[in-house]
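*Asks:* Pasting in a structure now, in structure tokens, and then I'll have a few things to ask.
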Amino acid sequence: MFQLSIVDHIRLTFASVVSAYEGHAEAAARLARWGWYARIALMTLLGLACVIELIALKGGRPYVIAATATSALAFVACAVWVAMDPEPRIYAHRSSAAKLWLLCEQYRSLLAEVHDQTLDAQAIAQRRDALAREVRSVFEYAPPADRQTYDIARAAFGGARTRSYSEDEIDALLPPSLRRTKPITT
């Protein structure tokens, strides 16, 4: 028979919240990097177009064609940047990561209080349920529905995930005093 204690449930939920935090932080970093590279590429194209246009003033027809093509390419790059508009997604992922980090700390706090035996079973269940509601609200107001956000949620909740957090990995996320001292028997 499968048994899961409330502490085990809190630890597993904590691991899911950590996974979601890591996913949102990584998505924000990746989008910010992409945005930075796109800005550099756009500025390079615009600078190159300006230089070729200056040369075209005296250089003749081939330089005029090159200047026109480079300007058109810069315009397309700018249009793609405006259409993609990554800034709201970057800030949404950053905001979600920040909220999830605070929830991770609240889960650590709950596990510490359980470890110190300062809460009774009813208080533990109430705090766990309150944290679960907060996690749900973070996901309700998460970034727009895009592939990255879907992958983060799927990984956090264990769907089609190639691996899940082991007890050792969960222990590594916790301070030494909250780590399990004995192996779990199955």
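*Asks:* Mind sorting Thr68, Thr13 by how few other Cβ atoms lie within 10 Å of their own Cβ, fewest first?
*Replies:* Thr68, Thr13
*Asks:* Only Cα pairs under 8 Å and at least 6 apart count here; give the relative contact order of the stretch 7-176 as a rounded whole percent. Kindly include the intermediate steps, with their values, before the conclusion.
*Replies:* On the way: 127 pairs, mean separation 61.3, N = 170.
Relative CO of the stretch 7-176 lands at 36 percent.
*Asks:* Using a simple spin-label model with points 7 Å from Cα along the Cα→Cβ vector, what separation in nm is obtained for His9 and Ala29?
*Replies:* 3.3
*Asks:* Putting +1 on Lys and Arg Cβ atoms and -1 on Asp and Glu Cβ atoms, find which of Ser16, Tyr107, Pro176 reaches farthest to the positive end of the dipole of the stretch 7-176.
*Replies:* Ser16
*Asks:* Ok, one more. With a cut-off of at most 12 other beta carbons within 10 Å, and DSSP calling the residue loop, which chymotrypsin sites (Phe, Trp or Tyr not before Pro) in the stretch 2-94 qualify? Please list them.
*Replies:* Passing sites in the stretch 2-94 are Phe2.
*Asks:* Now for a different question. Looking at the chain, do any whole DSSP H helices span at least 24 angstrom along their long axis by alpha carbon and average 0.0 or above on Kyte-Doolittle, and which?
*Replies:* The qualifying helices are 6-59, 61-84.
*Asks:* Spin-label point model (7 Å from Cα, Cβ direction): what's the Glu87 to Phe75 distance in nm?
*Replies:* So the label points at Glu87 and Phe75 sit 2.3 nm apart.
*Asks:* Would you kindly compute the Cα radius of gyration of the stretch 11-79 and its largest Cα-Cα separation (Dmax), both in Å?
*Replies:* For the stretch 11-79, the Cα radius of gyration and maximum Cα-Cα distance read 21.0, 71 Å.
*Asks:* Add -39500 (n - 2.57) for each DSSP H run of 4 or more in the chain, then divide by its residues: what number comes out at 222 nm, to the nearest 500 deg cm²/dmol?
*Replies:* Calculated from helices alone, the mean residue ellipticity at 222 nm is -27500 deg cm²/dmol.
*Asks:* Once you order the gyration tensor axes a ≥ b ≥ c over the Cα atoms, which shape class does the stretch 1-150 get: rounded for a/c under 1.5, otherwise prolate or oblate by comparing a/b with b/c?
*Replies:* Cα axes put the stretch 1-150 in the prolate bin.
Here, each number is a calculation from the coordinates, and none is a lab measurement. Only a predicted model underlies this, so the values are computations on that prediction, with no experimental measurement involved. Cβ: placed from backbone, ideal geometry, glycine included. Neighbour counts: every protein chain shown.
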